[in-house]
1. Can you find, within the range 387-401, the residue that is modelled with the lowest pLDDT among those that are outside any strand (DSSP E or B) and either more than 26 Å from residue 344 (Cα to Cα) or open to solvent by less than 10 Å² (accessible area, probe 1.4 Å) (or both)?
2. Does residue 155 satisfy the criteria of being in contact with a Phe, Trp or Tyr (Cβ under 6 Å, 6 or more places away or on another chain) and either farther than 30 Å from residue 229 by Cα or crowded, with 18+ Cβ neighbours inside 10 Å (or both)?
3. Taking the range 223-243 as the region of interest, how many residues are within 18 Å of residue 189 (Cα to Cα) and among the small types (Gly, Ala, Ser)?
4. Taking into account only those residues within the range 25-63 that are of a type in the set (Gly, Ala, Ser) and over 23 Å from residue 89 (Cβ atoms), which is most open to solvent (accessible area, probe 1.4 Å)?
5. Would you mention how many residues in the range 46-73 are more than 25 Å from the chain's Cα centre (by Cα) and within 19 Å of residue 115 (Cα to Cα)?
6. Among (1) in contact (Cβ under 8 Å) with a residue 24 or more places away in the chain; (2) under 21 Å from residue 184 (Cα atoms); (3) open to solvent by 10 Å² or more (accessible area, probe 1.4 Å), where does residue 119 come up short?
7. When the range 228-238 is examined, which residues are found to be of a type outside the set (Ser, Thr, Tyr) and surrounded by 15 or more Cβ atoms within 10 Å (Cβ to Cβ)?
8. For the range 464-491, enumerate the residues that are aliphatic (A, V, I, L, M), open to solvent by less than 30 Å² (accessible area, probe 1.4 Å) and in a loop (DSSP other than H, G, I, E, B).
Amino acid sequence: MSLLVGMSARAQADYRVVPLPRSITIDTTRVFKLQTGMGIVYDESVPAMQRNAEFLQQWVAELTGLRLQLIPHPHRGTDLRCAIWLSLMDKPNRLPSEAYTLTVHKKGITIQAHEPEGIFRGIQTLRKSLPVKAQAPILFPYATINDSPRFSYRGVHLDCARHFFSVDVIKRYLDLLALHGCNQFHWHLTDDQGWRFEVKALPDLAPKGSVRQQTVISRNSGVFDGQPYGGYYTQDDCREIVRYAAERYINIIPEIDLPGHMQAALHVYPHLGCTGGPYEVWQVWGVSNDVLCAGNPEVLTFLKTVYGELCDVFPSKFIHIGGDECPKHRWKNCEKCQAKARELGLKDDGHHSIENQLQTYINREMEQFLKQRGRTLIGWDETLEGGLTTEATVMSWRGINGGIEAARQHHHVIMTPTDYCYIDYYQLKNTWNEPLAIGGYVPLSKVYAFEPLVPETLTEEEQQYILGAQVNLWTEYVAAPDHLFYMLLPRLDAISEVQWCRPQQKDFDDFKQRLPHMKQIYNILGVRYCQGVE
């Protein structure tokens with residue numbers, strides 16, 4: 001008979017968390033009791049391990065009220081009778097850095113991994129298994145959990161160009177990514193409606209380009225609020241966010257869009273546009289026809305200055321150049337652009353227009369610039385239209401076909417199609433009771449059903465080029481932190497299982513049974529979330 005029968009469920013740990021670990025073996029006949037006064041043992045010679053132990057101490061107290069000691073110990077085999085043990089194993093035999101084993105036994109709870117990153121992932125599983133605000137002791141049935149993620153790239157995007165969010169809000173956003181095992185934060189920093197990144201060599205760019213004089217109310221209603229709106233991140237702000245993310249094993253991929261979505265920059269430097277302006281920081285939503293002039297050599301100087309400082313601030317291997325939704329109307333009628341096309345010998349070959357090839361010319365210049373700095377260019381799937389650059393990674397958003405095409409060309413791919421991964425869309429059918437969204441309908445079940453590898457279309461070899469999946473949160477209609485987190489949660493839970501779990505593990509009905517505990521955690525964290533499940 002199980003020892004857990006008849007005991008209060010709120011005092012028991014539950015290892016079936018979100019995302020679901022790869023393998024869980026439980027012995028319900030025996031339990032370990034976690035109680036106040038016990039310790040967290042870690043190797044003090046590894047700074048990352050001390051930080052992991054401090055995180056665990058904080059999170060256990062936050063969810064349960066239990067206060068555990070921190071016990072630095074550089075050696076294994078201490079005489080402590082009961083504790084949580086964070087243990088680095090010898091160098092891996094081809095195990096991924098995020099793999100870990102969590103074991104519950106008579107001496108306590110052991111999390112083992114080959115890298116501190118794996119320890120951190122195991123800590124998240126332990127954290128989420130805790131009953132919220134339980135009375136001590138907390139009962140942990142003996143168990144062994146072996147876990148590692150399915151995809152190496154597990155991303156979440158946030159647009160801070162349409163609406164600006166403070167450093168503190170970005171940190172809370174990152175905390176939620178860490179809770180769900182996500183390891184990439186795609187940060188959209190500039191657009192027609194605002195420039196949010198400080199460029200020291202261009203001191204007017206952020207202060208002037210970040211401020212629009214007013215903002216249209218609702219969906220381009222023609223009615224404006226009459227209030228100036230602005231805000232940008234200094235390079236010190238960005239470095240602080242990079243540091244904060246790195247401590248949680250999250251890489252930040254900055255995006256500065258080119259050659260379109262640049263009207264905020266053109267407001268400050270009108271000579272970089274085809275018409276010479278004047279331009280305003282755009283006050284409406286959508287895509288401006290005014291873009292950087294492909295035939296003006298000063299444009300590349302401008303871009304290399306901006307991206308040079310971006311690389312100085314962000315250590316990410318990937319640097320996102322956007323490349324989406326670039327209208328070519330100005331280029332067709334611009335003598336400088338057409339002269340550049342003639343100089344390059346560009347011809348419409350029936351597959352790629354002259355103007356699309358002009359965009360690829362800019363992309364190639366930027367790819368080489370980034371490559372010299374040890375970086376890899378990543379762009380939206382429009383970068384396919386003029387022919388892909390040599391080593392570009394493609395983020396497929398207009399469905400999955402762009403990703404399929406790129407994978408067949410042996411380019412790396414991130415799958416993020418609108419139908420499954422755009423969480424600025426409504427998540428409940430009854431939109432009258434929902435906060436304003438851009439439109440569309442992407443419920444929790446739709447996100448959960450996404451399969452990034454497209455096995456029916458791609459060969460096994462081609463599937464290897466798909467690095468992972470990402471959800472995107474654009475903020476035309478999301479101006480406040482509560483609204484932001486409402487749009488994110490619980491769809492972040494769904495994408496985390498897409499990113500972490502093998503397809504055979506996934507079951508939406510089972511997922512829904514595990515979701516209420518995550519919502520209890522959100523209550524403790526003080527973040528708003530959508531109550532409905534569709």
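The values are calculated or read from the model by the stated rules, or taken from the named source; none is laboratory data. Since the model is a prediction, treat every value here as computed from it, not as a measurement. Glycine also receives a Cβ, built like all others from the backbone with ideal geometry; neighbour counts cover every protein chain displayed. Heavy atoms of the whole protein, side chains included, go into the accessibility calculation; ligands, DNA and RNA do not. Shrake-Rupley method; radii C 1.70, N 1.55, O 1.52, S 1.80 Å.
1. In the first step, residues of the range 387-401 are kept if they are outside any strand (DSSP E or B); the result is 387-392, 397-401.
Filter once more, keeping what is either more than 26 Å from residue 344 (Cα to Cα) or open to solvent by less than 10 Å² (accessible area, probe 1.4 Å) (or both): 389, 392, 397-401.
Numbers: 389: 81, 392: 92, 397: 98, 398: 97, 399: 96, 400: 96, 401: 96.
For the range 387-401, the residue satisfying everything is 389.
2. no
3. The qualifying residues number 2.
4. 37
5. 5
6. Against the list (1) in contact (Cβ under 8 Å) with a residue 24 or more places away in the chain; (2) under 21 Å from residue 184 (Cα atoms); (3) open to solvent by 10 Å² or more (accessible area, probe 1.4 Å), residue 119 comes up short only on (3).
7. The answer is 230, 235, 237, 238.
8. Let us first name the residues in the range 464-491 that are aliphatic (A, V, I, L, M), namely 466-467, 469, 471, 473, 478-480, 484, 487-489.
Then keep just the ones that are open to solvent by less than 30 Å² (accessible area, probe 1.4 Å); that gives 466, 469, 471, 473, 478, 484, 487-489.
Residues satisfying the conditions are 473, 478, 489.
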